[in-house]
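The structure appears below as structure tokens.
The values are calculated or read from the model by the stated rules, or taken from the named source; none is laboratory data. Just so we're clear, the structure is a prediction, and the values are computed from it rather than from any experiment. Glycine gets a Cβ as well: all are built from the backbone with ideal geometry, and neighbour counts include every protein chain shown. The protein model used for the area step is the full one, side chains on, heavy atoms only, and it has no ligands, DNA or RNA in it. Shrake-Rupley method; radii C 1.70, N 1.55, O 1.52, S 1.80 Å.
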Amino acid sequence: MAMVRILQNPARLHIAFEGWERYMSLRSMVEVPLGDVTGAISELGWTSEVLGWRKFGLVVSGFVKVGTFTHPNGTRRLVAMRRNVALLRVRLEHPEFDEILVSTPDAPSLANALDPVTGLSSSS
């Protein structure tokens, strides 16, 4: 079951939250101008790093994390992660979020298309 649907056009990145995820993220969609994207990488799956304080959302430890988080260092994140699904990490210069972390099987190809510096994704 998909948590998000990601679309990209020449000007914007669209991330649509589907089902119950829209309630846990307090949004049905986020749109980011591609000019705000400073980097994008794919990771093999779930990140075990500390996301920060959950402002709103749902965490089922080890299975799903959806919502907004602020790391102690100030990094503001919009998260929709599911275990065993590749992770797309998009770094931004944006007024609302510094990073968007979303699980999607298309993470490697999306990271490749979004990374403005190298055009290459990396896995860890």
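Below are the figures for this structure:
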| read-out | value |
| --- | --- |
| Residues of the range 20-36 that turn out to be more than 19 Å from residue 60 (Cα to Cα) and touching a strand residue (DSSP E or B) at 6+ places or on another chain (Cβ under 8 Å), as a count | 9 |
| Residue match in the range 2-15 (condition: open to solvent by less than 60 Å² (accessible area, probe 1.4 Å) and of a type in the set (Lys, Arg)) | no |
| Top-ranked residue of the range 1-18 - restricted to ones that are farther than 18 Å from residue 109 by Cα and modelled with pLDDT under 90, ranked as farthest from the chain's Cα centre (by Cα) | 1 |
| Residues within the range 37-56 that are surrounded by 14 or more Cβ atoms within 10 Å (Cβ to Cβ) and either of a type in the set (Val, Ile, Thr) or within 16 Å of residue 88 (Cα to Cα) (or both), tallied | 11 |
| Tally of residues being part of a loop (DSSP other than H, G, I, E, B), of a type outside the set (Gly, Ala, Ser) and open to solvent by less than 20 Å² (accessible area, probe 1.4 Å) across the range 16-26 | 0 |
| Number of the exception - residue 72 against (1) within 12 Å of the chain's Cα centre (by Cα); (2) farther than 22 Å from residue 8 by Cα | (1) |
| Contacts under 7 angstrom Cβ, first residue in the range 10-24 being over 11 Å from residue 67 (Cα atoms), partner open to solvent by 60 Å² or more (accessible area, probe 1.4 Å) and among the basic types (Lys, Arg), 6 or more apart | 16/5; 18/5 |
| The range 32-56, residues that are under 19 Å from residue 86 (Cβ atoms), part of a strand (DSSP E or B) and in contact with a Ser or Thr (Cβ under 6 Å, 6 or more places away or on another chain) | 41, 42, 43 |
